[in-house]
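Structure record follows, encoded as structure tokens.
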Amino acid sequence: MSTPFASAAPYYARYRPPYPREFHDLLADRFVLDGSQTVLDLGAGPGTLALPLAPLADHVYAVDPEPAMLAEGTRLAEERGLTNISWLRGDDAAVTRLCLPRIDLCVIGRAFRRMDRARVLTDLDEVLAPRGGLAVVAGLHRPGARRPAWLTVVDEVRARFLGTGGADGDGREDAEIRDDGEDWVELGDLLAKSPLSRVETHQWDQTVRRTVDEVVGLQLSLPSSGPAVRGDRTAAFGTELRRALLDHDPGGTYVRTLRIGAAVATRPRR
């Protein structure tokens, strides 16, 4: 039986934006990624983090509970000629049961807020190499930033098709940013109390420009508004959203600046 994440997987793989180069440069520098390391991408989806890290690592283990996401990641890896990624079905409860080698770097994206985070941090302490660490990355609100008007158009069309309660898997409507900064602050506190208590944080602003089709595709990447939820109204939703966006801005380019936050956590120095 198809799940919302399964039906959203092809759109997720195609329309979710990559993380900025500065994030990957940070990881390469902080963990001295020279092609000899082992990386774990937990909650990997279709490999948004795993795929760009593969050329910097000896091997990457991409773990996700949704087979359709793993299938998309496998397809993308084959297209790019990447042969050093293992796509494994599992969730955050399976970290210590996957029989992984020592991990030099674990990366977790948006999926971290759906995990049992305290348990994951304890489990990672068991699998990380002595000098290994964790990097959590997510989109954040930009305080004081004006929300682009075209996003209101998206909200209005979503409401007509889904009602005002339509949101992604955790009650948030936005595919790219957290609801507010409280979760990010809570994450920092959680890391500071974990075995990986040496924490540094970084932020970057990333400007994304999309066509009208890319805006539609991004909405279909949300498990709450993908094909499994919309059913036979999927095509009508896409048609209506395209019309509304072009009525709002016939230029057909929709710009947004995202703030990306990364928390890097390692064991304290002894």
Residues with amide H under 5 Å from that of ILE103, placed H, sequence gap 5 or more: LEU128, ALA129
What ³J(HN,Hα) values, in whole Hz, does the Karplus curve 6.51 cos²θ - 1.76 cosθ + 1.60 give for region 203-212 when θ = phi - 60°, with x put for Gly and Pro? 9, 9, 9, 10, 8, 10, 10, 10, 7, 5
So the FRET efficiency between LEU246 and ARG14, C-beta based with R0 = 30 Å and rounded to 0.05, is 0.90
Which listed residue (GLY109, LEU187, SER7) has the Cα farthest towards the positive end of the charge dipole for the chain, taking +1 on Lys and Arg C-beta and -1 on Asp and Glu C-beta about the Cα centre? LEU187
Could you please state, rounded to a whole Å, how far the C-alpha centre of region 1-68 is from the C-alpha centre of region 197-270? 17 Å
As a percent rounded to 5, the proportion of antiparallel DSSP bridges among beta bridges in region 4-266 is 55 percent
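Hey, how much of the P(r) for the chain falls beyond 36 Å, as a percent of Cα pairs?
Value for the chain: 14 percent of Cα pairs lie more than 36 Å apart.
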Amide H proximity to VAL208 below 5 Å, modelled H, separation 5+ or other chain, gives ARG256, THR257, LEU258
Between 0 and 90 degrees, rounded to the nearest ten: what's the tilt of helix 182-192 against the longest Cα principal axis of the chain? 10 degrees
Which whole-number percent is the relative contact order of region 4-266 (Cα, under 8 Å, 6+ apart)? 23 percent
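We did not get these values from a lab; they are worked out from the coordinates using the rules stated. Remember, it's a predicted structure, so these values are computed and weren't measured experimentally. Please note: Cβ atoms are built from the backbone with ideal geometry, for glycine as well, and neighbour counts cover all protein chains shown.
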